[in-house]
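Below: the structure, in structure tokens.
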Amino acid sequence: MGSLKNIREDNVALNEGKWFDWVEGIRLLIASSDCSGYQLEMERQALTRATADLEQDQDAIQVDMRVAAGKFLLLGWENIQDDDANDIPYSEDQAVRWLSDPDYFPLYRFVRDKATSAKNFRKAEKKVTGK
């Protein structure tokens with residue numbers, strides 16, 4: 001038997017993100033794909049296509065999803081450096097550039113997979129200790 005308390009979402013992590021270890025010591029701050037900003041953007045894009053009578057071009061949809069992931073899902077990073085070993089500070093513009101670039105698909109896939117896994121954003125059960 002299962003307990004519904006085990007599926008409760010952590011609304012703070014859902015919207016503000018959670019840190020995940022990636023490769024070579026890189027850490028990424030990733031929000032859930034259920035966060036309000038991402039969901040609103042997906043709805044806006046769908047409405048825009050419907051009202052403009054745009055064809056459902058899968059390539060265009062994929063690009064839109066990657067841009068939205070850069071804006072709303074990848075919220076920060078640590079330990080990413082340029083070729084001269086200088087830290088690259090987080091910026092939304094850089095996140096969008098990397099996630100939109102096919103050469104960085106492994107980064108997009110990692111962000112997408114972590115953001116879409118509900119278990120990553122469940123509330124941790126509080127341990128009650130007593131005497």
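Under the condition of being polar (S, T, N, Q) and either surrounded by 14 or more Cβ atoms within 10 Å (Cβ to Cβ) or touching a Gly at 6+ places or on another chain (Cβ under 8 Å) (or both), the residues counted in the range 34-49 number 2.
Results for (1) out of contact with any strand residue (DSSP E or B) (no Cβ under 6 Å at 6 or more places or on another chain); (2) at pLDDT 90 or above; (3) in a loop (DSSP other than H, G, I, E, B), shown as yes or no for each residue.
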site	(1), (2), (3)
Gly2	yes, no, yes
Val12	yes, no, no
Leu28	no, yes, no
Ser32	yes, yes, yes
Leu40	yes, yes, no
Gln45	yes, no, no
Val63	yes, no, no
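When you scan the range 81-100, do you find a residue that is assigned to a loop (DSSP other than H, G, I, E, B), closer than 20 Å to Thr116 by Cβ, at pLDDT below 95 and not small (Gly, Ala, Ser), even just one? No, the range 81-100 contains no residue that is assigned to a loop (DSSP other than H, G, I, E, B), closer than 20 Å to Thr116 by Cβ, at pLDDT below 95 and not small (Gly, Ala, Ser). Out of Lys131, Lys119, one residue alone is surrounded by fewer than 17 Cβ atoms within 10 Å (Cβ to Cβ), modelled with pLDDT under 85, in a loop (DSSP other than H, G, I, E, B) and out of contact with any strand residue (DSSP E or B) (no Cβ under 9 Å at 6 or more places or on another chain). It is Lys131.
The values are calculated or read from the model by the stated rules, or taken from the named source; none is laboratory data. Since the structure is predicted, the reported quantities are computational estimates derived from the model, not experimental observations. Reconstructed Cβ throughout: ideal geometry from the backbone, glycine too, with neighbour counts over all protein chains shown.
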